[in-house]
Structures are given as structure tokens and as C-alpha cells.
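Since the structure comes first, as C-alpha cells, the remarks are kept for the end.
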Amino acid sequence: MRLKTTKRLLNLASLCALSAAGAVGYWGVTPVSSSASPAGNTLEHVAPSTVHETETPNNKASAPPIAAGLGGTSLSMNWERPLRRPLFDPPAPAPIVVVKPPPPPIRAKLLATVIESENSTAMIKLTNGQVVFHKVGEPLGADEPDAVIFKIETGSIWIRRGNEQLRLSVEGMNGK
């Protein structure tokens, strides 16, 4: 092929590409008629928040021609979408776990229990070295004001402190 023929063919190809681009641009700008649009995409079915209404001399509101041909879902979904947003949702923050520390152990020691039908008594040595005698319903002492004796058994007592129940037994009995 000669150089002149190659130049003419390239000019013809460029002219065809430019005319095709112009035709696509014109087709994209032209309004869509209601007969050419699919069923259900008329102006009445477009979401009201997506249509920008303008006043005409007859005080009738009309929609822009491009909005009339688009479905209400695609326009409402994309029209008011913020353009500057993260590409993905950030991960949810880790839940805050509050660990309640366990209550301190009872430092009093049970020395002995005296079991009687109506008058059971527990002999308790407090942390300050004082030995006291307590019955059912009495608190352990100044060190444990919220710990109350609620049951006295042979060799052990049951103490209620808040919502927990603790068993305090005589040393050397191994819970017997």
C-alpha cells in the first residue's frame, strides 16, 4: 500500500470514530419519550424527593426531561449519595467488657460451732485477733459489715455477702 492510501484510510477511521462519539453524546442528551421508556418508569412513579420541580407560567410543576425517563430507585439511590465517603464501612468498635473484680475473701477464721436446737453459736476469730460469738442473722464484724451469718452447721457456717453465699469451715475439719 502506498503512503497516500494509508493516510486516507487513517483519516477515514478517525472521522468515523469522531462521528460515532458525537452520535452517542447526542443520544445521551436527548429526552426519553414515554413510549420508548419501559413500563413503570413514568414520571408518576419517580420518588418525589428525587424530582427537582420547576414552576411554569401555568403554575404547574414539571420534571427535568432526564428525570422523567429514569426509574425512581436508581435516581433516589444515587442522586443524593455523598461523593466523599469511605470506600468501605469501618469495622464495628470492639465491645467494652467490664470485668468486675471478685470480692476479697473473708479473712475471719471459724474456730468452733456450738449446735443447739434454738441457740446455735459460732466462735469466730477476727483479723484483729479478737474472738467473738455470733448467732444466725448477725454480721461477722467491723471488717465485714455486709457479711451476715444465715446458717450454722456442725463444723461450718454459711455467710451471705451481697448475692453470693460462702461457706466458712473450721480449720482441720476439711469441710466435715
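The values are calculated or read from the model by the stated rules, or taken from the named source; none is laboratory data. Fair warning: this is a prediction, and the values are worked out from it, not measured in the lab. Please note: Cβ atoms are built from the backbone with ideal geometry, for glycine as well, and neighbour counts cover all protein chains shown. Side chains included, ligands, DNA and RNA excluded: accessible areas come from the protein's heavy atoms. Shrake-Rupley method; radii C 1.70, N 1.55, O 1.52, S 1.80 Å.
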What residues from segment 129-148 fall in the zone where the backbone N is under 14 Å from a label point 7 Å along the Cα-to-C-beta line of ARG160?
136-140, 146-148
Taking SER156, SER120 and ranking on accessible area (1.4 Å, protein atoms only), highest first, one gets SER120, SER156
Neighbour cut-off at most 16 other Cβ (10 Å), DSSP loop, trypsin sites (Lys or Arg not before Pro), segment 85-160
ARG107, LYS135
Ordered by number, the chymotrypsin sites (Phe, Trp or Tyr not before Pro) in segment 81-176 that occupy a DSSP loop and have at most 11 other Cβ atoms within 10 Å are PHE88
Rolling a 1.4 angstrom probe over the protein chains, ignoring ligands and nucleic acids, what is the accessible area of GLU80 in square angstrom, nearest 10?
120
Around PHE150, what is the net charge, scoring Lys/Arg as +1 and Asp/Glu as -1 over all other residues with Cβ under 13 Å from its Cβ?
+1
Gyration tensor on Cα atoms of segment 116-176, a ≥ b ≥ c root eigenvalues, a/c under 1.5 rounded, else prolate if a/b beats b/c, else oblate, says rounded
Using a simple spin-label model with points 7 Å from Cα along the Cα→Cβ vector, what separation in nm is obtained for SER14 and ASN128?
10.6
Proximal charge balance of LYS135 [Cβ under 14 Å; K/R count +1, D/E count -1]
-3
